[in-house]
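Comments concern the structure below.
The values are calculated or read from the model by the stated rules, or taken from the named source; none is laboratory data. Note that this is a predicted model, so its numbers are computed, not measured. Methodologically, a virtual Cβ is constructed for each residue, glycine included, from the backbone with ideal geometry; neighbour enumeration extends over all protein chains shown. We work out accessible area using only protein heavy atoms, side chains counted, and drop any ligands, DNA or RNA first. Shrake-Rupley method; radii C 1.70, N 1.55, O 1.52, S 1.80 Å.
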Amino acid sequence: MMATLIFLVLFFLGLYLALRPLRGPREPFPEPPRREELLKELEVLKEEVQSLEGEEKKLAMARMVELERALDGWRPPKPRPFNPWPVALALGVVVLLGVGLWRYTLPRLPGETTVTARAEARELKALQDKARRTGEVADLLAWGRRAYELKAFDQAAEAYLGVLKKDPRNAEALRRVGILLFMGGRLEEARVFLEVAQHADPKAAEGWLFLGNLYFQEGRMPEAIRAWERYLEAGGEARERVEALIAMARAQAQGGKDGESVYRARCAACHGLQGEGGVGPRLKGNPILKAPEAVREVVLKGRGAMPAIPLSQEELKALLDYLAKL
């Protein structure tokens, strides 16, 4: 809605600027003198020429001749014809600007954002319409899977919750709802869904990965290690990353309050061991690290998909110092 309002403001502003010159005078220069002005000037010269001598008198006489010729051939100035081309050109520019803004900046279909392309949005909209029309589990799952792939998480949640209303034991829907809850910072609810889902389908590597991340966030290192080991056993693709997480969790289980230890224990599961990014955004080189107070607020209160991280003042200070050096 806001993007549409901004577009309309810019469109009408451009239209006003394009048409504004038409409100002014049509002639860019003053109109030629009228007949009355020429006659008045001639009368003045006739009175003055009697008192002039020499070169000045010659110039005055020449001017009188010029005025008399002008009066003999004087005609009212013709109005300048209206030229439509500048207006057409200005309107064309405004229209092209509007089409460009509409085509490349404004979402036009449900699910079409900066993440999804137009073709993907059409596909997602078709799946959504079909799932809502039929209410079949297969259609709801197809919609939920595609929405999850395109990171349209609101639609994915709606689809998978619709599946659970029809089939409360559907392991895929339980797992994906648990993942979405985890990403939304609702750890306790996410744990319930993920644990039930993995009990129902222990071969789903994705569930073990997020369950391990959840345990890690809660500081439950043995459970996190076991969940990640089950991920590897299930054939998860991110083997190197998860092996590093397991090694890190084992080291963290022995304690440590320095900044790197706090980061590895609470942040690395989502943001990567070196801050290179993963489930969460890249931290290394991120401009937000230059604002410690902003980082403090995000850590303690959470933001978007990131949950709040409970830390002591000592741990928080050590973490902020460490992040400032990334």
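Taken together, the residues in region 189-219 that are modelled with pLDDT under 90, open to solvent by 30 Å² or more (accessible area, probe 1.4 Å) and on the phi < 0 side of the Ramachandran plot amount to 1. Screening Glu233 with (1) surrounded by fewer than 20 Cβ atoms within 10 Å (Cβ to Cβ); (2) in contact (Cβ under 8 Å) with a residue 24 or more places away in the chain; (3) not small (Gly, Ala, Ser) gives one miss only, at (2).
Modelled with pLDDT of 85 or more, within 25 Å of Leu283 (Cα to Cα) and acidic (Asp, Glu): which single residue out of Glu229, Glu233, Glu223, Glu237 fits that description?
Numbers: Glu229 fails: within 25 Å of Leu283 (Cα to Cα); Glu233 fails: within 25 Å of Leu283 (Cα to Cα); Glu223 fails: within 25 Å of Leu283 (Cα to Cα).
Testing whether each residue is modelled with pLDDT of 85 or more, within 25 Å of Leu283 (Cα to Cα) and acidic (Asp, Glu) leaves just Glu237.
Tell me the residue from Ala70, Ala62 that is farther than 15 Å from Glu36 by Cα, modelled with pLDDT of 70 or more, of a type in the set (A, V, I, L, M) and not in a loop (DSSP other than H, G, I, E, B), please.
Working: Ala70 fails: farther than 15 Å from Glu36 by Cα.
After applying the criteria, what remains is Ala62.
Against the test of being out of contact with any helix residue (DSSP H, G or I) (no Cβ under 7 Å at 6 or more places or on another chain), open to solvent by less than 70 Å² (accessible area, probe 1.4 Å), within 30 Å of Ala121 (Cβ to Cβ) and at pLDDT 70 or above, the options Gly92, Gly54, Gly100 yield a single qualifying residue, Gly92.
Of everything listed in (1) modelled with pLDDT of 80 or more; (2) under 23 Å from the mean Cα position of the chain (by Cα), the single unmet condition for Gly304 is (1). Listed by first and then second residue, the pairs linking a residue in region 147-161 that is within 12 Å of Glu120 (Cβ to Cβ) to a residue that is open to solvent by 30 Å² or more (accessible area, probe 1.4 Å) and not in a helix (DSSP H, G or I), with Cβ atoms under 6 Å apart and 6 or more places separating them unless they lie on different chains, are Lys151/Val115.
Could we say that Pro222 is open to solvent by 50 Å² or more (accessible area, probe 1.4 Å), assigned to a helix (DSSP H, G or I) and not basic (Lys, Arg) here? Outline the logic, then answer.
Working: open to solvent by 50 Å² or more (accessible area, probe 1.4 Å): yes; assigned to a helix (DSSP H, G or I): yes; not basic (Lys, Arg): yes.
In short, yes.
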